[in-house]
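A short worksheet on the structure shown next.
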Amino acid sequence: MEISTIGVVGCGIMGSGIAQISAQAGYEVFLSEINEDTLEKGISSIENSLAKLVEKGRIKPDEKLGAMSRIKGVIDINEFAVCNLIIEAATEKIDLKRSIFNDLDKICPQQTILATNTSSVSVIDVANATNRLERVLGMHFFNPVPVMKLLEVVKTVATSDDTIKTAVAFGKSVGKTVIIAKNTPAFIVNRLAVPFILSAIRMLESGVATKEDIDTGVTLGLNHPMGPLTLADFIGLDTLYYLARGAYEDTGDPIWIPPILLKDMVSAGWFGCKTGRGFYIYK
């Protein structure tokens with residue numbers, strides 16, 4: 001199937017990033033939000049991101065203008081009926097995702113592929129809100145989307161090979177290296193990374209070392225680009241908490257049990273970079 005028009009549901013950090021790279025790759029993009037204010041903020045963030053690329057000499061001014069001209073902001077998702085591929089980038093709440101997919105299933109032609117940019121929710125549980133199980137999959141982009149080179153494509157028991165082939169081709173066309181995972185808790189990357197981060201939080205919680213020394217030990221001792229507690233703030237402590245809790249509910253494996261410290265920080269509204277406070281303080 002040839003993809004020419006992309007729909008992106010949600011223009012937060014992830015959705016705006018997906019819309020940006022799609023428009024830069026030459027796709028027509030419909031970007032939706034629940035109200036005009038949020039939509040304008042998302043589109044403005046894309047314009048600012050592209051402006052920075054122009055300043056750094058990575059793209060030309062006319063490339064910025066071309067990308068922006070291919071993005072159409074909408075409030076009414078009925079306009080998504082013309083899209084070949086729709087990527088949902090809403091909050092990690094399964095009821096919300098299922099509601100969005102149920103609506104899209106009614107709006108879009110049967111051949112339209114529906115993807116969820118989830119890092120934790122079971123893709124098949126989202127897919128069964130539709131009547132097109134074979135055309136639903138996960139497309140997990142990494143933050144920040146314009147910078148991170150990886151795309152994790154998630155195949156359910158019902159996703160067709162043609163759907164996977166189309167998603168992989170799209171991922172490559174927007175400059176991503178694509179890996180394919182089964183629909184298992186946390187998929188590939190987070191299945192490795194999240195227990196590691198939780199272990200670091202438990203070390204801090206039990207007083208083994210300071211947050212600075214834990215992070216320095218990992219960056220200089222393991223040659224990671226950032227320490228696990230810094231990474232947790234970057235991911236979002238709320239996202240990390242719900243991902244871990246969901247994986248524990250699915251597997252029963254104690255490695256996924258969220259530390260009390262993480263739960264308390266989320267309850268306090270300390271989500272990391274996006275709220276200005278997590279394991280570290282941010283301006």
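The values are calculated or read from the model by the stated rules, or taken from the named source; none is laboratory data. As the structure is a computational prediction, the values presented were derived from the model and not from experiment. Cβ sites come from the backbone with ideal geometry, for glycine too, and all protein chains shown count toward neighbours. The protein model used for the area step is the full one, side chains on, heavy atoms only, and it has no ligands, DNA or RNA in it. Shrake-Rupley method; radii C 1.70, N 1.55, O 1.52, S 1.80 Å.
Quick look at the numbers
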read-out	value
Carbon/sulfur fraction of accessible area - segment 1-126, other protein chains in place, 1.4 Å, %	49
Residue-normalised accessible area of segment 1-150, given per residue in Å² at a 1.4 Å probe	45
Label-to-label distance, nm, for residues given as Phe234 and Val54 (7 Å Cα→Cβ offset)	2.8
Greater than 19 Å apart at Cα, pairs in Lys182/Lys263; Lys41/Lys64; Lys93/Lys149; Lys52/Lys172; Lys106/Lys155	Lys182/Lys263; Lys93/Lys149; Lys52/Lys172; Lys106/Lys155
With every protein chain in place, segment 185-283: carbon and sulfur % of accessible area (1.4 Å)	60
If the convex hull is drawn through the Cα atoms of segment 58-145, its volume per residue in Å³	114
Equivalent ellipsoid semi-axes, segment 209-283, via Cα gyration tensor eigenvalues times 5, rooted, Å	21, 17, 10
Cα pair distances in segment 1-152, grouped into 10 Å bins until the bin that holds the longest one, percent each	12, 43, 34, 9, 1
Segment 62-201: C-alpha gyration tensor shape, a/c 1.5 cut-off, then a/b vs b/c	oblate
Convex hull (Cα only) mean projected area of the chain, reported in nm² to one decimal	15.0
Choice from Glu205, Glu88, Glu134 with maximal GNM fluctuation in the chain (Cα, 10 Å cutoff)	Glu205
Nitroxide proxy distance, nm - points 7 Å out along Cα→Cβ at Val208 and Glu2	5.5
Heavy-atom surface of segment 204-283, accessible at 1.4 Å and reported per residue (Å²)	56
Around Phe187: net Lys/Arg minus Asp/Glu count, Cβ-Cβ under 11 Å	+2
Value in Å of the Kirkwood radius, where segment 154-281 supplies the Cα pairs that are averaged	16.1
Linear extension gain, Leu192 paired with Ile179, 0.36 nm per residue minus alpha-carbon span	3.2 nm
